[in-house]
Amino acid sequence: MTCHAGRDTLSPMSIKIVYRDEEFEVEPGMTIRSAVLKCGLLPEAVLPVVNGKLVTGDYIIQEADAIKLVSVISGG
Amino acid sequence: MKCRKCRQTAAVNMRHHRLALCAGHYITWIQEQTERFIKKYRMFGPDDRVLVAVSGGKDSLALWDVLDVLGYRADGLYIGLGIDGGVDYSNRSRAKVEAFVAERPHLKLTVVDVAEELGAPMPAAADLTNRGKEKPCSVCGMTRRHIMNRAAHDGGYDVLATGHNLDDEAATLLGNTLSWQVGYLARQYPVLPADAGGLARKVKPFFRFYERDTAAYTLVRGIDYMYDECPYSVDANSIYYKEILNRLETDRPGTKLQFFLRFLHAKETSRAFAQAQTDVTLNPCPSCGQPTANPAGPCTFCRTWEQVRERLVTQVGPTL
Ligand code: SF4
Ligand SMILES: [Zn+2]
Ligand SMILES: [Zn+2]
């Protein structure tokens, strides 16, 4: 699934966000929290890991960031 | 966002506490808070022997790590359910637990393998029973509870600790409230005293932490856990309730915490649901000795597994 959060057309600068086996595309310059919301996910249910480090929701996405969202919900 | 303690870049922001912390201070915070709630709710003391039920998931491994760091006498119990589900679920979970222990060789782990001990793995065993045909969870949960109680009893442990977090508790509370299960509401509490009949004392030292917070702890502590869910949990009610609560939480930080804490407060101060606390007389099961509400016969665990073994024999043939 692709979510072109931020802009309608995919720019060559768009950044990939990996969440489970899905991938989203976002633009650099927005906060990770708004990127998570624009991708239709709940910030409460994921932890953003940028370049291997846990970051807070106000982190501004930079070009060349490697972004992974770790799901925190477990069930059963 | 800056860490409140040292002004370095924060790694975690807990909106419900209006608290942002860097990785190092976050680790200390989780450990100190756990200690605080163990003491506040008189869960156990430094001399008590604690048995931690570990599944390989984030909460139980994080709990074992924190109790170990705090210096408690905490051993682990892993129950091998034999679930494959196309993803080799149980074997991979067990490998996570064993890797955790390999890094902390002073820890003691007991492994109970359901198929070895009882004759069949999940979900094959549940399939053979009347109550577990559709979904293995009820047989699986009951079996795990029985094994935990027995392991705590046989090992001489003072207390059994599980990794339930606030989201687990709030989801259970929401489910029980939607259907007004007053009996369950009466029993839901982070500490359940030992029962005279031999049921172990049960505690949930992580009941004040959001699921997001325990996950963050495992990430910053570098604890490798089983990320995949049990394949039979996919449409569990608990996940659905957690999602609903997280929607509320996103708009109004602190909703989950207040929902659960005010429930506890109502129970503590106005004895809410106390009248629903039925004093069922428990008798020792003639077969396994664990307390049961069945006045004349074996407990649910013994009856269920007896059924599994009978049907296994008819299925496979008596010669095997
Ligand atoms: S989801 Fe069901 S089958 Fe899987 S471990 Fe939990 S109770 Fe057992
Ligand atoms: Zn700090
Ligand atoms: Zn029994």
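Structure above, values below:
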| read-out | value |
| --- | --- |
| Criterion (crowded, with 21+ Cβ neighbours inside 10 Å and in a helix (DSSP H, G or I)) met by exactly one of B:Trp64, B:Trp29 | B:Trp64 |
| Selection count where residues are without any contact (Cβ under 8 Å) to a residue 40 or more places away in the chain and open to solvent by 60 Å² or more (accessible area, probe 1.4 Å), scope the stretch B:125-144 | 3 |
| Residue list for the stretch B:158-167, filter: of a type outside the set (Gly, Ala, Ser) and either open to solvent by less than 10 Å² (accessible area, probe 1.4 Å) or free of Cβ contacts under 8 Å to residues at least 40 places away in the same chain (or both) | B:Val159, B:Leu160, B:Asn165, B:Leu166, B:Asp167 |
| Every residue from the stretch B:11-41 that is within 11 Å of chain A (Cβ to nearest Cβ), in contact with a Leu (Cβ under 6 Å, 6 or more places away or on another chain) and under 26 Å from B:Phe259 (Cβ atoms) | B:Val12, B:His16 |
| Counted residues, the stretch A:19-76 - those being closer than 30 Å to B:Leu81 by Cα, in a strand (DSSP E or B) and open to solvent by less than 20 Å² (accessible area, probe 1.4 Å) | 5 |
| Total residues in the stretch B:32-58, condition within 14 Å of ligand 2 (Cβ to nearest atom) and open to solvent by less than 30 Å² (accessible area, probe 1.4 Å) | 0 |
| B:Asp213 being within 14 Å of chain A (Cβ to nearest Cβ) and among the acidic types (Asp, Glu) | yes |
| Check on B:Gly86, part of a loop (DSSP other than H, G, I, E, B), more than 16 Å from ligand 2 (Cβ to nearest atom) and open to solvent by 30 Å² or more (accessible area, probe 1.4 Å) | yes |
| Candidate set from the stretch B:1-17 (those that are closer than 23 Å to A:Ile61 by Cα and open to solvent by 60 Å² or more (accessible area, probe 1.4 Å)); member that is nearest to ligand 1 (Cβ to nearest atom) | B:Arg15 |
| Verdict on B:Arg94 being away from ligand 1 (no atom under 14 Å from the Cβ) and of a type in the set (Lys, Arg) | no |
| Which listed residue, of B:Gly175, B:Gly183, B:Gly155, is surrounded by fewer than 20 Cβ atoms within 10 Å (Cβ to Cβ), away from ligand 3 (no atom under 16 Å from the Cβ), within 27 Å of B:Gln258 (Cα to Cα) and more than 14 Å from chain A (Cβ to nearest Cβ) | B:Gly183 |
| Flag if B:Leu77 is modelled with pLDDT of 95 or more, buried (at least 19 other Cβ atoms within 10 Å of the Cβ) and within 14 Å of chain A (Cβ to nearest Cβ) | no |
| Test: residue in the stretch B:92-114 that is free of Cβ contacts under 8 Å to residues at least 40 places away in the same chain, touching a Leu at 6+ places or on another chain (Cβ under 7 Å), assigned to a helix (DSSP H, G or I) and charged (D, E, K, R) | no |
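Here's the yes/no breakdown for (1) modelled with pLDDT under 90; (2) under 24 Å from B:Ser55 (Cβ atoms); (3) open to solvent by 90 Å² or more (accessible area, probe 1.4 Å):
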residue: B:Lys204; (1), (2), (3): no, yes, no
residue: B:Thr218; (1), (2), (3): no, yes, no
residue: B:Asn237; (1), (2), (3): yes, yes, yes
residue: B:Tyr240; (1), (2), (3): no, yes, yes
residue: B:Glu249; (1), (2), (3): no, no, no
residue: B:Arg252; (1), (2), (3): no, no, yes
residue: B:Leu264; (1), (2), (3): no, no, no
residue: B:Ala276; (1), (2), (3): yes, no, no
residue: B:Val316; (1), (2), (3): yes, no, no
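The values are calculated or read from the model by the stated rules, or taken from the named source; none is laboratory data. What you see is a predicted model; the values in this text were computed from it and never measured. Heads up, the Cβs are rebuilt from the backbone with ideal geometry, glycines too, and the neighbour counts pull from every protein chain shown. To get the accessible areas, we keep the full protein, side chains included, count just its heavy atoms, and leave off ligands, DNA and RNA. Shrake-Rupley method; radii C 1.70, N 1.55, O 1.52, S 1.80 Å.
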